[in-house]
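**Q** First, the structure itself, so that you have it in front of you.
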Amino acid sequence: MNARSVGWRNRLFGWSLMLVGILGGMALGAWVFDGPIPAPARFADYASLPRRLLRFSHIAAMALGMVNILYGHEVDRLRVSERARRVASVSMMLSGVLMPIVLALAAFQIDWKWGLPVPATAAFVALAVLVYGLSQGDAS
Ligand code: HEM
């Protein structure tokens, strides 16, 4: 796979997103196991909505990172137009950028939760193109 392929970007993005996800997990790890840093009052309760949203932001970065890497290995083999391939590839990366960010913002200001349909729709569009493309047969 070379740098001109569409999938190369999703793979580079996916591994980079997981790197950010690990940094986020390390920041969580500084206080979620009773120190060494005292837990911020807003996030002290493991089951509270703010804490769940923050944890889900970390999980989304890890999971959407892995999905982008897988996507990067599939997208160049899809039986769809070059334009559909590029739009779907960008849509998959957009969901990986926005989902962890909007979840983290919602952990601090709950009204951001109304933004979650945007990354969810971006992921849906990307996967719908992939499923349609694969259903047309394997192009490899
Ligand atoms: C060095 C790498 C990682 C660090 C430092 C890290 C750190 C953390 C921490 C501190 C929590 C607890 C959050 C809380 O109590 O609210 C957590 C939860 C979680 N992490 Fe990570 N994580 C890492 C890698 C991963 C990876 C690779 C995955 C998935 C592929 C992952 C998935 C999850 C999940 C699903 C939870 C929620 C578990 C639960 O419900 O308590 N993490 N992580």
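The values are calculated or read from the model by the stated rules, or taken from the named source; none is laboratory data. In this text the structure is predicted, and so the values were computed from the model without any measurement. Heads up, the Cβs are rebuilt from the backbone with ideal geometry, glycines too, and the neighbour counts pull from every protein chain shown. Accessible surface areas use protein heavy atoms only, side chains included; no ligands, DNA or RNA. Shrake-Rupley method; radii C 1.70, N 1.55, O 1.52, S 1.80 Å.
**Q** For the chain, build the charge dipole from Cβ charges (+1 Lys, Arg; -1 Asp, Glu) around the Cα centre, then report which of 36, 62, 131 sits farthest towards its positive end.
**A** The Cα lying farthest towards the positive end belongs to 131.
**Q** Next up: Once you have all Cα-Cα distances for region 6-135, histogram them in 10 Å bins from zero and send the whole-percent values.
**A** Distribution as computed: 14, 39, 28, 15, 5, 0 percent.
**Q** Using the Cα centre as the reference, give the magnitude of the dipole from point charges on the C-beta atoms of the chain (Lys, Arg: +1; Asp, Glu: -1; all else neutral), rounded to the nearest 20 debye. Don't skip to the answer; put the middle values down first.
**A** Working: 13 positive and 7 negative charges, 56 e Å.
The calculation lands at about 260 debye.
**Q** Right, next: At a 1.4 Å probe, what is the % contribution of carbon and sulfur to the accessible area of region 6-135?
**A** Working: 5430 of 7330 Å².
Looking at region 6-135 in its full context, I get 74 percent from C and S.
**Q** Expressed as a whole number of Å, what is the distance separating the alpha-carbon centroids of region 1-72 and region 79-140?
**A** 17 Å
**Q** To continue, here is another question. Mean Kyte-Doolittle hydropathy of 1.0 or higher plus an axial Cα length of 18 Å or more: which whole DSSP H helices in the chain meet both?
**A** On the way: long enough: 6-29 (35 Å, 0.95); 49-74 (36 Å, 0.49); 82-108 (40 Å, 1.21); 117-135 (26 Å, 1.77).
Result, helices passing both filters: 82-108, 117-135.
**Q** Where nothing but the Cβ of Lys and Arg (+1) and of Asp and Glu (-1) is charged, how large is the charge dipole of region 66-140 around its Cα centre, in debye to the nearest 20?
**A** On the way: 6 positive and 5 negative charges, 24 e Å.
For this selection, approximately 120 debye.
**Q** Measuring with a 1.4 Å probe in the full set of protein chains, what accessible area per residue, in whole Å², belongs to region 1-77? Let's see the in-between values first.
**A** Details: 4570 Å² over 77 residues.
Per-residue accessible area for region 1-77 comes out at 59 Å².
**Q** Okay, moving on. Quote the Stokes-Einstein diffusion coefficient, in whole µm² s⁻¹, for region 1-76, based on the Kirkwood radius over alpha carbon pairs, a temperature of 37 °C and a viscosity of 0.692 mPa s.
**A** Numbers: Rh = 13.7 Å.
Once the numbers are plugged in, D ends up at 240 µm²/s.
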